[in-house]
2 protein chains.
Amino acid sequence: MDSKVNLAEKLALLDGPFRPGIVGTLNDYKLAVVKAHGEFVWHKHDDTDDFFLVLSGRLTIQLRDRDVELSAGELFVVPRGVEHCPRADEEAHVLLIEPAGTVNTGDAGGELTAPERRI
Amino acid sequence: MDSKVNLAEKLALLDGPFRPGIVGTLNDYKLAVVKAHGEFVWHKHDDTDDFFLVLSGRLTIQLRDRDVELSAGELFVVPRGVEHCPRADEEAHVLLIEPAGTVNTGDAGGELTAPERRI
């Protein structure tokens, strides 16, 4: 990356919910933006923590024992191996950070699995 | 980290510019907030890229060949080995992400070197 990234401009390029776009890298991590709307899928990542920062709107990260409610300016890191399911009743914009190669649906797979793509 | 982090609340705990506070971890990376005001010090990190996301205000990341001007919602990753010097004419609030153990002043050291501290 040799130029700055305006996150709102990148989010405007996304065509639907739960389809992340990679906007940069930090060493071997990918920096991605995603629109969340509706319910994602329960999954976990056995090899990595999972970083969520809400940029606008509200995001609920459902865990098996509780919900974590995030508003703009709030972040949460799901520990590796912990099952979670993001949900947004209205559209939310989120910054995600994970190691490159991390699959968005983790161990669950399925139709919400999205390819890694740079925007 | 077992609870969410409100970045504005954490920033309110900081007592001055260029004294980062760690608010969480992502694998072996530290997530830190910092107030920037004035000019930092020219330095580089030979072993890691350096992530800056402006949360409020404006931050200039001076590089040797150009300035990168960041407003709220804009991020920039300084590649490893690249000399840089952050500057903020008015107070800016920033999210930093780097591997744990990364020294804020990189190879430069000096009086602006800050200890790693959790807030």
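The values are calculated or read from the model by the stated rules, or taken from the named source; none is laboratory data. From a predicted model like this one, the values you see are computed outputs, not experimental measurements. Virtual Cβ from ideal backbone geometry, glycine too; neighbours counted across all protein chains shown. The protein model used for the area step is the full one, side chains on, heavy atoms only, and it has no ligands, DNA or RNA in it. Shrake-Rupley method; radii C 1.70, N 1.55, O 1.52, S 1.80 Å.
With the alpha-carbon atoms of segment B:1-48 aligned to their principal axes, the span from lowest to highest coordinate is 35, 27, 11 Å, starting with the largest.
Sorted from shortest to longest, the distances between the B:R66 label points of this copy and the other copies are 4.6 nm, with each point 7 Å from Cα along the line through the beta carbon. Accessible area per residue for chain A, computed on protein heavy atoms with a 1.4 Å probe, is 44 Å². Here the scattering of segment B:38-82 is modelled by Debye summation over its C-alpha atoms, one equal scatterer each and no solvent; at q = 0.27, 0.33 Å⁻¹ the log10 of I(q)/I(0) is -1.10, -1.27. Built from the Cα atoms of the protein assembly as shown, the convex hull projects on average onto 11.9 nm², one quarter of its surface area. For the protein assembly as shown, carbon and sulfur atoms together expose 47% of the accessible surface, with a 1.4 angstrom probe and every protein chain in place. Ellipsoid semi-axes for chain B, based on the Cα gyration tensor and the rule √(5λ), read 20, 17, 13 Å when sorted largest first. Each part reduced to its alpha carbon centroid, segment A:22-73 and segment B:46-108 end up 23 Å apart.
Residues of segment B:15-47 that bury at least 40 Å² of accessible area once all protein chains are present, compared with their chain alone (1.4 Å probe, heavy atoms only, ligands and nucleic acids left out), are B:L26, B:N27, B:Y29. With a threshold of 25 Å on the Cα-Cα distance, the over-threshold entries among A:K44/B:K30; A:K35/B:K35; A:K4/A:K44; A:K4/B:K4 are A:K35/B:K35; A:K4/A:K44; A:K4/B:K4. Taking each DSSP H run with n ≥ 4 as -39500 (n - 2.57) and averaging over every residue of chain B yields -1000 deg cm²/dmol at 222 nm.
Summarising the amide proton neighbourhood of B:A108: residues at separation of 5 or more, or on other chains, whose placed amide H is nearer than 5 Å comprise B:K44. Per the accessible-area calculation with a 1.4 Å probe, the total area buried between chain B and chain A rounds to 2600 Å². Summary for B:E90: label point 7 Å along Cα→Cβ; distances to the equivalent points in the other copies, ascending, 2.9 nm.
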